[in-house]
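What follows is a short report on a single structure.
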Amino acid sequence: MKSSPRAKAALTAGYLAATAALAGALFFVDTRRVVLFPCIFRSITGLDCPGCGMTRAFYCLLHLDFAQAFRYNPFCFVLAPILGVAWAEGLSALLRGRAFRLNHRVAKPLLCALALLLVLFDIGRNIPACPLSYFKV
Ligand SMILES: [Zn+2]
């Protein structure tokens with residue numbers, strides 16, 4: 001993707017504005033009290049999905065309440081750095097005027113392992129006698 005300096009500046013500004021809007025929404029809207037994204041899986045099954053509690057966990061992360069973030073969804077500590085790297089890669093690609101490309105050799109096994117861990121975590125958190133049920137939200 002080769003773009004003009006003006007288009008590159010507009011895309012970068014949009015990227016930063018979208019990031020600021022999302023971070024601002026997560027920071028200022030108390031997602032422990034307001035549901036931003038209702039969980040369809042939970043509303044249908046009554047069970048937590050792997051992402052349940054993630055918005056609240058990120059709210060707590062942004063407010064430096066790490067213990068509560070861990071309680072809501074411990075995978076926020078895995079996803080936050082991944083999202084941070086992806087965000088920085090996206091910004092870097094925009095600034096260089098190139099398309100964002102995922103390094104499949106690294107990303108594919110990492111995402112497969114993460115998906116497997118999330119499924120196992122979710123099964124465990126929905127079994128009442130399992131120690132992982134501590135994370136049921
Ligand atoms: Zn859910």
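Readers should treat all values here as calculations from the given coordinates under stated rules, not as data from a laboratory. Fair warning: this is a prediction, and the values are worked out from it, not measured in the lab. Neighbour counts are summed over all protein chains in view; Cβ atoms, including those assigned to glycine, are modelled from backbone coordinates with ideal geometry.
Scanning for something within 16 Å of the ligand (Cβ to nearest atom), in contact with a Pro (Cβ under 9 Å, 6 or more places away or on another chain) and not acidic (D, E), does region 26-35 turn up at least one residue? No; the residues of region 26-35 include none that is within 16 Å of the ligand (Cβ to nearest atom), in contact with a Pro (Cβ under 9 Å, 6 or more places away or on another chain) and not acidic (D, E). Within region 46-53, is there a residue that is within 16 Å of the ligand (Cβ to nearest atom), more than 15 Å from the chain's Cα centre (by Cα) and either more than 21 Å from Y134 (Cα to Cα) or surrounded by 14 or more Cβ atoms within 10 Å (Cβ to Cβ) (or both)? Yes, the conditions are met somewhere in region 46-53.
Checking each residue in region 96-123 for being part of a helix (DSSP H, G or I), over 30 Å from Y134 (Cβ atoms) and not small (G, A, S) picks out R96, H104, R105, V106, K108.
Looking at A93, A80, A57, just one residue is part of a helix (DSSP H, G or I) and touching a Cys at 6+ places or on another chain (Cβ under 6 Å), and that residue is A57. With respect to the conditions (1) within 15 Å of the ligand (Cβ to nearest atom); (2) of a type in the set (F, W, Y); (3) surrounded by fewer than 16 Cβ atoms within 10 Å (Cβ to Cβ), F77 lacks only one, and its number is (1). Just one of the numbered conditions (1) exposed (fewer than 12 other Cβ atoms within 10 Å of the Cβ); (2) closer than 20 Å to F135 by Cβ; (3) among the small types (G, A, S) is not true of A88: (2).
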